[in-house]
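Structure first, then comments.
The values are calculated or read from the model by the stated rules, or taken from the named source; none is laboratory data. This is a predicted model, so every value here is computed, not measured. Every residue, glycine as well, gets a Cβ built from its backbone with ideal geometry; the counts of neighbours run over all protein chains shown.
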2 protein chains.
Amino acid sequence: MPADQDPAARTPRATLRDVALRAGVAISTASLVYSGKKPVAPATAEKVREAATELGYHGPDPIASSLRQGRSGVIGAVVPSRLLHAFRDPYAVTMFDGLAETLGDLGTGLLLMPESAPGSEPPPGSNLAVDAVVFLLSSEEAHPLVPELVGRGIPMVGTGSPVDPHIVQVRVDDRRATAALARHVHELGHRHVGHVLMPLQPDQVTRRVTRAEVAEATLPITRERAEGVRDVFGDVPMVSAAEADIEAGRAAADLLLGLDPRPTAILAQSDLLAVGAVRAAEARGLRVPEDVSVSGFDGVELPWLGRRLTTVDQRPAEKGRLVGEALRHLLAGESVEDVELDAPLRLGDTTAAPPRPAPPTPGPPG
Amino acid sequence: MPADQDPAARTPRATLRDVALRAGVAISTASLVYSGKKPVAPATAEKVREAATELGYHGPDPIASSLRQGRSGVIGAVVPSRLLHAFRDPYAVTMFDGLAETLGDLGTGLLLMPESAPGSEPPPGSNLAVDAVVFLLSSEEAHPLVPELVGRGIPMVGTGSPVDPHIVQVRVDDRRATAALARHVHELGHRHVGHVLMPLQPDQVTRRVTRAEVAEATLPITRERAEGVRDVFGDVPMVSAAEADIEAGRAAADLLLGLDPRPTAILAQSDLLAVGAVRAAEARGLRVPEDVSVSGFDGVELPWLGRRLTTVDQRPAEKGRLVGEALRHLLAGESVEDVELDAPLRLGDTTAAPPRPAPPTPGPPG
DNA sequence: TTGTATGCGTTATCAA
DNA sequence: TTGATAACGCATACAA
């Protein structure tokens, strides 16, 4: 069915002025009927509504209203251009869900602003009318939109990156949380562990990386989680996954499990990567956790996994809600401090004591 | 780090007028420097840019620009309030991804408009400035926002529901596609099949449903897919899942597998439900496809499943792209016809011939 | 409780 | 190529 191509329908849309005129009241009075900011006599209101119905007027034009009020009622959310990939991670979706919850109460909309190829000028989205911007999944330490938004005086909230003094951050202490997890694994008796990292660069391949390379990772959390591991285990073999997904996690863990000595535990920087590690172990005929322990990071729900991952729960839903709270205060003109979110260790069934070392070449006991 | 609470920063933001004044040109000329709609002498442009830099002016205010131009550059996307749940289905995410792709080229943003409790007045989102609205995941035949948007003359694109003559639909022929799939299963030799349906109502429980109940389902595709099955198999046992997810699919399929005679094939209305059916079969010690065949609907990627589902590929990414194309034309003022998307059958490894019936009670052959 | 008048920051039209 | 001016549709301060 074709839409609205009726030529006769090309009549200009009624405005508040038309309605007021028809109702025989002033524009300002008609405005009050819709905003409700001041009392209007019931009879007057009724007249206005009638006129509106007759004219097919459906309320004030949001754009004009926005201009007058100086607010658009919209929050911009900068998201990776490959939305698909980002939302394949329950962590991202859960966090958005928490944010949407707060925003729903606020009555503001969430505008997805896909980041595009770097270098495009002006950065896309800079012409969109938003009251504030959130960076929930950014993997860059710097972002072309930030100076732009700072210049426009648009408040920003982030979850770690990009890094800028104008961005209110809601985040966990990645290093400390990772160290707590690593300590648990250490206390179980593990001494040979491998670390699966998020991608160091946007388009890389799954490969072993050095401490020096990690120090230059674009994503701050990658560095910090790696430091958390080092705080407990010192230098350990590290493999950076090509993507933050299961398949890359599997490939990365497989590299680690091929080392000699084989790690007895794989610490992954996300739950999805950890799932991949479980797969890699199983593919080699290793049992988790009897032969290999595996841990993740995030604390997302993985109902289809059939087991509970040992992980750091950074409470993504709560994180999203806190971002929403920060936004609420910023929009109210209040000043907001950075928020540190508590991220407790969650013990699952994918970690256990390491296997007893196989007896050396059989021979007469000493 | 606190954001922008510097009291001295409360200076009013520079406008185009300030810039023009400082550059010694007319406002309209300064405007042209930013819009590029008419040529401006290089020297003049340079003066304007300089003045802008000095004043910290970062380009025209998007809201004012929108008002003047009558377009906001934003597309509204009505999404279920439980974003989390919706985006757990790769079908939804993939479709959004396809849409975002087209929209990215268009330079327009995507505004998420969560639908909230029915009956709220006015419907949320009616005060948001959007140039068009898409319904990608709506499960209601009618939607409170639709009359509102029709009244405002805002073009709409949907994927089946809500149903309204003003909405341009991009969809597949669910009945025909399902019938083609059912025919394949029939030709394999199956005669006892069970059908797993999407939820008939928002908050229901997983339970067996009658043909009469299905006829009143809120979601049109639920009805149409059920009809597709009936076209081939006639009346079959039907179970409506409580949610469109794996767990509910498992529960629903489990009900069917407990019937006598046990179905030799489970036809599910979505791939996620089908995954649940595979799980249910396995939990009963039944092999797929040797003991039970399972089919889905959607054609999403399920890399973690480790097998290929027999399904109808409704090419969600392409669907999203086509929605984007329809939007593009509508925004250009062109009229657009409904689009029917081809949805081919994809044979996987979850369907096969039914098992030979167990021999009846042993006895002397006739 | 209602009306009058002003301007939000731009862009389009037209004339120069 | 540039400038003056008039909208865009509304919400607010203030007066009545």
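Looking only at the range B:21-56, residues that are within 12 Å of DNA strand C (Cβ to nearest atom) and either assigned by TED's automatic domain parsing to the domain that holds B:Val130 or of a type in the set (D, E, K, R) (or both) come to 2 in all.
The set of residues in the range A:70-96 being on the phi < 0 side of the Ramachandran plot, more than 10 Å from the chain's Cα centre (by Cα) and modelled with pLDDT of 90 or more consists of A:Arg71, A:Ser72, A:Val74, A:Ile75, A:Gly76.
Scanning the range A:97-109 for residues being over 23 Å from A:Ser139 (Cα atoms) and modelled with pLDDT of 85 or more gives a total of 5.
Against the list (1) in a helix (DSSP H, G or I); (2) of a type in the set (Val, Ile, Thr); (3) outside the structural domain of B:Arg17 (by TED's automatic domain parsing), the condition B:Val78 fails is (1).
If we keep just the residues of the range B:160-169 that are in contact with a Leu (Cβ under 9 Å, 6 or more places away or on another chain) and assigned to a loop (DSSP other than H, G, I, E, B), which is farthest from B:Ser295 (Cα to Cα)? Among those residues, the one meeting the criterion is B:His166. Of the residues B:Pro365, B:Pro354, the single one that is outside the structural domain of B:Met95 (by TED's automatic domain parsing), of a type outside the set (Val, Ile, Thr), at pLDDT 95 or above and out of contact with any Lys or Arg (no Cβ under 7 Å at 6 or more places or on another chain) is B:Pro354.
Residues are listed down the side, and each one gets a yes or a no for (1) touching a strand residue (DSSP E or B) at 6+ places or on another chain (Cβ under 7 Å); (2) within 14 Å of chain B (Cβ to nearest Cβ); (3) within 20 Å of A:Gly98 (Cα to Cα):
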| residue | (1), (2), (3) |
| --- | --- |
| A:Ile154 | yes, yes, no |
| A:Gly158 | yes, yes, yes |
| A:Pro162 | yes, yes, no |
| A:Arg171 | yes, yes, yes |
| A:Arg176 | no, no, no |
| A:Glu187 | no, no, no |
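Going through the range B:49-92 one residue at a time, which ones are crowded, with 22+ Cβ neighbours inside 10 Å, facing another protein chain (nearest Cβ under 8 Å) and of a type in the set (A, V, I, L, M, F, W, C)? Within the range B:49-92, B:Ile63, B:Val74, B:Leu83, B:Phe87 meet the criteria. On the given criteria, is A:Gly104 surrounded by fewer than 24 Cβ atoms within 10 Å (Cβ to Cβ), in a loop (DSSP other than H, G, I, E, B) and within 8 Å of chain B (Cβ to nearest Cβ)? It is false that A:Gly104 is surrounded by fewer than 24 Cβ atoms within 10 Å (Cβ to Cβ), in a loop (DSSP other than H, G, I, E, B) and within 8 Å of chain B (Cβ to nearest Cβ).
Candidates B:Val196, B:Val146, B:Val157, B:Val150: the one that is assigned to a strand (DSSP E or B) and not assigned by TED's automatic domain parsing to the domain that holds B:Pro261 is B:Val157.
Of the residues making up the range B:170-183, those that are buried (at least 23 other Cβ atoms within 10 Å of the Cβ) and in a strand (DSSP E or B) are B:Val170, B:Val172. Residues that are more than 6 Å from DNA strand D (Cβ to nearest atom) and within 14 Å of chain B (Cβ to nearest Cβ) were ranked within the range A:19-37; the one that is surrounded by the fewest Cβ atoms within 10 Å (Cβ to Cβ) is A:Gly36.
Identify the residue in the range A:38-48 that is part of a helix (DSSP H, G or I) and either without any contact (Cβ under 8 Å) to a residue 24 or more places away in the chain or near DNA strand D (Cβ under 9 Å from one of its atoms) (or both) and, among all such residues, is surrounded by the most Cβ atoms within 10 Å (Cβ to Cβ). Out of the qualifying residues, it is A:Ala45.
Among the residues that make up the range B:59-72, is at least one of them under 21 Å from A:Leu67 (Cβ atoms), near DNA strand D (Cβ under 8 Å from one of its atoms) and assigned to a loop (DSSP other than H, G, I, E, B)? Among the residues of the range B:59-72, at least one is under 21 Å from A:Leu67 (Cβ atoms), near DNA strand D (Cβ under 8 Å from one of its atoms) and assigned to a loop (DSSP other than H, G, I, E, B), which makes the answer yes. A search for C-beta distances below 8 Å between a residue of the range A:140-152 that is away from chain B (no Cβ under 12 Å) and any residue that is in a helix (DSSP H, G or I), counting only pairs 6+ apart in sequence or on different chains, returns A:Glu141/A:Pro220.
Checked against (1) in a loop (DSSP other than H, G, I, E, B); (2) assigned by TED's automatic domain parsing to the domain that holds B:Thr94; (3) small (Gly, Ala, Ser), B:Gly189 meets all criteria but (2). For the range A:307-314, does any single residue satisfy the condition of being at pLDDT below 95 and not in a loop (DSSP other than H, G, I, E, B)? No; the residues of the range A:307-314 include none that is at pLDDT below 95 and not in a loop (DSSP other than H, G, I, E, B). Return yes when A:Leu345 is within 30 Å of B:Ala274 (Cα to Cα) and either under 18 Å from the mean Cα position of the chain (by Cα) or at pLDDT 95 or above (or both) and no when it is not. No; evaluated as a whole, the condition is false for this residue. Across the range A:204-229, the qualifying residues are those that are more than 24 Å from A:Val278 (Cα to Cα) and without any contact (Cβ under 8 Å) to a residue 40 or more places away in the chain, and the one among them that is surrounded by the fewest Cβ atoms within 10 Å (Cβ to Cβ) is A:Ala212.
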